[in-house]
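Below is one structure, written out as structure tokens; comments come after it.
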């Protein structure tokens, strides 16, 4: 078997530039929109490459397969940003898990989220007690957002003129 | 490489993309890649099976079945972990306290194979330079470190001000 080193250099370079171009086009709209799917698509991209590098599949087939996946992803993110219906179809809606200091058990149940899990998500936001929280939501990206009650927010400089100097 | 094969590749890629979109949606927002190390591994598995399907090395049916079996196991695992504390502890990690009331918990650090330098580096990343200020620092099940400050080290809150009521009303208006 010949070593085919120039072939490898050629194919890797073509795929690299091709990927960079497509991801550059896809990038801006898709950031944070479909977090889980963004991740899976990123992994698919990586997965489709090696077969081409080792010439297990022809270069054109790699370009087509890879391009199709990225185009489908661009299309879905674009449509979900334009239409609320499609957004709800591909994205899980944000759910309120704490309202005015109280756990919303119904939504925890719906998301299969244990109270211990919510506790550690709160701790990661520096929050000790649910009672200081006005509203916490499990966001579509899978992270928990935490908004404090007004009285528990840190004091801003504008409210203490004497502190400014 | 004939045009037919290229068309088939595009078709298979389209189908696999939308199938995975469906699977990820059904698994829910916490189940793929975000909550724990194992969720990330599931995302990796789902991403890594597709090349053989798209390039036609395995049949579509085989690919779909493989993806479905991974997804179903992950669903069963999430559901069982939600229902039972025992299974949650068994299949996930539990939080470990690293600092309590300013005291570094060396035993727990050792159990998680972390040294003090690494702990200090994590605290610095959270903007904390003095462990004295820490009421509780915890290595959480998702591998991140949470920091709760001592009461005296917290920023002043509106409720701590004597005129807090009028201030909050003003903020709302």
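The numbers here are math on the coordinates, done by the rules we state, and not lab data. Predicted model, so just to flag it, every value in this text is computed and none were measured. Neighbour counts run over all protein chains shown; Cβ positions are idealised from the backbone, glycine included.
Observations
- Once you reduce segment B:1-29 and segment B:40-92 to the center of their Cα atoms, the two points are 17 Å from each other.
- Inverse mean reciprocal Cα-Cα distance (Kirkwood Rh) of segment B:1-155, Å: 18.8
- Relative protection proxy for A:123-130, B:24-31, A:98-105, from highest mean packing down: B:24-31, A:123-130, A:98-105 (other beta-carbon atoms within 10 angstrom).
- Calculated [θ] (222 nm, deg cm²/dmol) that DSSP helices of n ≥ 4 give over chain B, each run adding -39,500 (n - 2.57): -17500 deg cm²/dmol
- Semi-axes of the equivalent ellipsoid of segment A:5-89 are 29, 11, 10 Å, computed as sqrt(5λ) over the eigenvalues of the C-alpha gyration tensor in descending order.
- Shielding by partners - mean other protein chain Cβ count within 10 Å, residues of B:146-158: 4
- Label-point separation, residue A:102 to residue B:150 (7 Å along Cα→Cβ), nm: 3.6
- Largest first, the extents of the alpha carbon coordinates of chain A on the three principal axes equal 74, 47, 33 Å.
- FRET E, pair residue B:4, residue B:37, Förster distance 30 Å, beta-carbon r, rounded to 0.05: 0.10
- Most mobile of B:84, B:36, B:94 in a GNM of chain B (Cα contacts under 10 Å): B:84
- Projected label distance in nm at residue B:115 and residue B:93, using a 7 Å step from Cα toward the beta-carbon: 1.9
- Backbone N under 17 Å from the residue A:147 label point (7 Å along Cα→Cβ), restricted to segment A:99-127: A:99-104
- Of A:149, A:131, A:110, the one that fluctuates the most in a GNM where chain A has Cα springs shorter than 10 Å: A:110
- Normalised by 2.2 N^0.38 Å, where N is the number of residues, the C-alpha radius of gyration of the protein assembly as shown stands at 1.22.
- The length gained by stretching the chain between residue B:108 and residue B:86 to full extension, at 0.36 nm per residue less their Cα-Cα distance, is 5.8 nm.
- Subtracting the Cα-Cα distance of residue A:25 and residue A:81 from their residue separation scaled by 0.36 nm leaves 18.6 nm.
- Length-normalised contact order for chain B - Cα pairs under 8 Å, 6+ apart - percent: 16
- Most mobile of A:70, A:97, A:155 in a GNM of chain A (Cα contacts under 10 Å): A:155
- For B:60, B:98, order by how many other beta-carbon atoms lie within 10 Å, fewest first: B:60, B:98
- The helix-based estimate of mean residue ellipticity at 222 nm for chain A, built from -39,500 (n - 2.57) per DSSP H run of four or more residues and divided by its residue count, is -18500 deg cm²/dmol to the nearest 500.
- Counting, for every residue in A:152-159, the Cβ atoms of other protein chains within 10 Å of its Cβ and taking the mean gives 5.
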